[in-house]
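**Q** Please find one structure pasted underneath; my questions will follow.
The values are calculated or read from the model by the stated rules, or taken from the named source; none is laboratory data. Quick caveat: nothing in here was measured; it's all calculated off a predicted structure. Cβ: placed from backbone, ideal geometry, glycine included. Neighbour counts: every protein chain shown. Remember, those area values only see protein heavy atoms, side chains included, never the ligands or the DNA or RNA. Shrake-Rupley method; radii C 1.70, N 1.55, O 1.52, S 1.80 Å.
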Amino acid sequence: MTVAPTSRSRTTALAVGAGSAAVGLLPWIITGMRLPLQNLWASDVTSPHQMPIALLPFSQYDVALMASMLVVGGALAGVLFRAVRVPRTIGTVLAALIGVFALDLVAVVESAVVTGVGLRRPTGYVATFVTPEQVYLFGLVVIALSATVVALVACSLVVAVPAPGPVIGIALAAATLTDWADALVVRPTTAPPTWSADLLSVSHLLPGLAVGVAVGSFWQRPFGRQIVGAVVAFGLAWIGPTSIVALTGALGSRALLTVPSEFADFAVLLFTTEARSWQVWGGVLIGVIVAVALIVVRSVRARATATTRPPGAASGDGRHGAAASRAQRRRRSL
């Protein structure tokens, strides 16, 4: 990695980072970005249209969607950074990360302020203690900031770390891809239409499929390191979605939130049940098949290219190729 980026390259990288983070928020943007109905809201509100605008769905029932939008945006920034061939320098990598972080931070702060203003206020002596409203808001902020950190890690792995770094970075986002894709097809605030049933039934295959494409695309020597990276990536594609289902399922029960032991037991039950389902490990299996197929295709193409390459190209420039040919003819004459 060099250290002399041009101003234009830095601007492009910054735009890629911020633009990708904005695309990550797309499933929420198309809903109108109305804050979800809150159990601890200060006023009686019955319609989502009465809620204020929030850049993130701050709600205990939507933590998976909130995290997925932030993480997917970060990984997408890394992929687009490579796709548009921005020069990989220290300055351009930092610019891309700043773009992701700046937009995510604005979204987190705006959503936290809007939610905090509307939550109930304690009165009397109770105000001197930590209230459920404060714990609720603090927890959502921590989850959002943690997802932002994961987004920055994913972007860094894809952009700046040699293979299998990009594969693991994409796997971090792939673990949340199901929630992101589901929300893009079906708005979280509305009932799913009948035509979406088939699409939602296969969205659980996306994490494994995305990791498979990444493994096959970035496969290179040394193979040992690539195998380790592939195992880690497919592990994330299996454990990540399973953990998200377990956590969001447990958070969705208000009764369990007050009983930590029962909350943990229910989360473990959901994890073990989801881990054995075809929708999770079947997607990983399909991803492995896709990865192997891509590796085979790339190997065949590389061999075909090597056999059809002229001698001069194989040994460098034309002068080196001509010198190699003359040396070969001399050896044959001897």
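**Q** With viscosity set to 0.890 mPa s at 25 °C, what whole-number translational diffusion coefficient in µm²/s follows for region 8-77 from Stokes-Einstein and a Kirkwood radius over Cα pairs?
**A** Value of D from the Cα-based Kirkwood radius: 183 µm²/s.
**Q** A further question follows. Just by accessible area at a 1.4 angstrom probe, what is the order of F138, F223, F234 from largest to smallest? The partial results should precede the final answer.
**A** On the way: F138 140, F223 90, F234 25 Å².
From most accessible down to least: F138, F223, F234.
**Q** Looking at the square roots a ≥ b ≥ c of the eigenvalues of the Cα gyration tensor of region 30-116, which shape do they give, rounded for a/c under 1.5, prolate if a/b is larger than b/c, or oblate? Walk me through the intermediate numbers first.
**A** Numbers: a/c = 3.52, a/b = 2.79, b/c = 1.26.
Cα axes put region 30-116 in the prolate bin.
**Q** Could you tally the net charge around P162, taking each other residue with its Cβ under 13 Å from the Cβ of P162, Lys/Arg +1 and Asp/Glu -1? Please list the in-between numbers first.
**A** On the way: positive: R82, R88, R221, R225; negative: none.
Neighbourhood net charge equals +4.
**Q** State the percentage of accessible surface on region 1-151 attributable to carbon and sulfur atoms; use a 1.4 Å probe and exclude ligands, DNA and RNA.
**A** Here it works out to 70 percent.
**Q** So what's region 1-147 giving for Rg/Rh, alpha carbon basis, Kirkwood Rh from the mean inverse pair distance?
**A** Numbers: Rg = 18.4 Å, Rh = 16.7 Å.
We get a ratio of 1.10 for region 1-147.
**Q** Per residue of region 31-43, what does 6.51 cos²θ - 1.76 cosθ + 1.60 with θ = phi - 60° give for ³J(HN,Hα)? Whole Hz please, x for Gly and Pro, Karplus curve as stated.
**A** Working through the residues one at a time gives 7, x, 6, 7, 4, x, 4, 10, 5, 9, 6, 5, 10 Hz.
**Q** Note down the nm distance, to one decimal, between modelled labels 7 Å out along Cα→Cβ at V117 and at R225.
**A** 5.0
**Q** Extending each Cα 7 Å along its Cβ direction at T131 and A293, get the distance between those two points in nm, one decimal.
**A** Between T131 and A293, the simple spin-label model gives 5.6 nm.
**Q** With each label point set 7 Å from Cα along the Cα-Cβ vector, what nm distance links T31 and D265?
**A** Simple spin-label model gives 3.2 nm for this pair.
**Q** At a probe size of 1.4 Å, how large is the accessible area of T308, to the nearest 10 Å²?
**A** Surface accessible to solvent at T308 totals approximately 110 Å².
**Q** Stretch L40-T307 to full length: gain in nm at 0.36 nm per residue minus the Cα-Cα span?
**A** Values: separation 267, 0.36 × 267 = 96.12 nm, distance 6.91 nm.
Computed gain between L40 and T307 is 89.2 nm.
**Q** Under 8 Å for C-alpha pairs, at least 6 residues apart: give me the relative contact order for region 21-79, rounded to a whole percent. Walk me through the numbers on the way to the answer.
**A** Values: 65 pairs, mean separation 27.5, N = 59.
Reported as a whole number, the value is 47 percent.
**Q** Could you work out the local net charge near V16, counting Lys and Arg as +1, Asp and Glu as -1, over the other residues with Cβ closer than 15 Å to its Cβ? All intermediate terms of the calculation are to be shown ahead of the outcome.
**A** On the way: positive: R8, R10, R82, R85, R88; negative: D104.
Taking every other residue near V16 into account, the sum is +4.
**Q** Still on this structure, please answer the following. If only Cα atoms are counted, what is the Rg of region 65-153, and what is its Dmax, in Å?
**A** 17.4, 60
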